[in-house]
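The values are calculated or read from the model by the stated rules, or taken from the named source; none is laboratory data. All of these numbers come straight from a predicted model, not from anything done at the bench. When we count neighbours, we look across all protein chains shown, and the Cβ atoms used for this are built from the backbone with ideal geometry, even at glycine. For the accessible areas, the whole protein counts, side chains as well, though only heavy atoms, and no ligand, DNA or RNA atoms are used. Shrake-Rupley method; radii C 1.70, N 1.55, O 1.52, S 1.80 Å.
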Amino acid sequence: MSPNKSKIFLIRHAESVHNVTKDFNLRDPGLTQFGHEQAASLGASFPDLSSVAVVISSPLTRAIETTLDAFGSILPGGNNLILNPYLQERSDLPCDTGSPISVLKERFPSFPDVIWSSLTGNTFPLDGDNWLEKRGNYAVDDEKIAKRAEKVRKILWNMAQNSLQAQKEEDEKGEDKREGLKRDIVVVTHGVFMKFLTEDETIDLPKAGWKEYYVEEADKFDGKGKKIVLAPVALAEDS
């Protein structure tokens, strides 16, 4: 394994209220008390918080709360946190439909404005609160979900490549001027969407569970260049 290679830590949100009550008509539910404890335990047991460069989270409340409980200590003032609607859950049930930005701002008042820019089009090509409507890029059919997952993999690939370039620049400075770089990426998302993201129908992480991946170019092409895939770390290191 190259020491410069970014790892992708794929994480499923902790236990949410609707996971317990089975009330799927509850709009954008948060975590249960046990869910908060699960997320805090995730942060305490995480391999190396100091290696994390950025956390990318679904903008659904349960994912944001998982992110803050687990990684809040390395996200002062919301720095190094990105909310990406592409990571939202698949279905159009109320429980899998996010809250308007105005509501999220009330729930998470400490976040700087830059956090909300990723939901309003300044960071990704999105259209305000349209991500709530489960249409277009966010439609619930398999084809649209697969395309959304592909977009996320390409975002991760670009981030990993930027990290690799930064590492090369640091290496060229010489050991006496070299600064430690954070290179790993945490992705907090949902159980069904991660099946599309990993292209693995069998993945079924427990609540607040995680798995390590590398983001790589595959040998096959997707019509726009080489296909980007997530490769489990254990398998990639054995190959």
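Okay, residues lined up against (1) at pLDDT 90 or above; (2) more than 30 Å from GLN33 (Cβ to Cβ); (3) open to solvent by 90 Å² or more (accessible area, probe 1.4 Å):
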| site | (1), (2), (3) |
| --- | --- |
| ASN162 | no, yes, yes |
| GLN167 | no, yes, no |
| GLU170 | no, yes, no |
| PRO206 | yes, no, no |
| PRO232 | yes, yes, no |
| ALA236 | no, yes, no |
Next item on the list: Being in contact (Cβ under 8 Å) with a residue 60 or more places away in the chain and polar (S, T, N, Q) is the filter; apply it to the range 62-76 and report the residue that is farthest from GLU15 (Cα to Cα).
Entry: THR67
Next item on the list: Scan SER91, SER102, SER118, SER110 and give me the residue that is under 17 Å from the mean Cα position of the chain (by Cα) and of a type outside the set (Phe, Trp, Tyr).
Entry: SER118
Next item on the list: For ARG62, state whether it is under 18 Å from THR32 (Cβ atoms), in contact with a Pro (Cβ under 9 Å, 6 or more places away or on another chain) and among the charged types (D, E, K, R).
Entry: yes
Item checked: Top-ranked residue of the range 42-65 - restricted to ones that are touching an Asp or Glu at 6+ places or on another chain (Cβ under 9 Å) and of a type in the set (S, T, N, Q), ranked as most open to solvent (accessible area, probe 1.4 Å) -> SER51
Item checked: Filter result (assigned to a helix (DSSP H, G or I) and of a type in the set (A, V, I, L, M, F, W, C)) within the range 184-216 -> PHE193, MET194, PHE196, LEU197
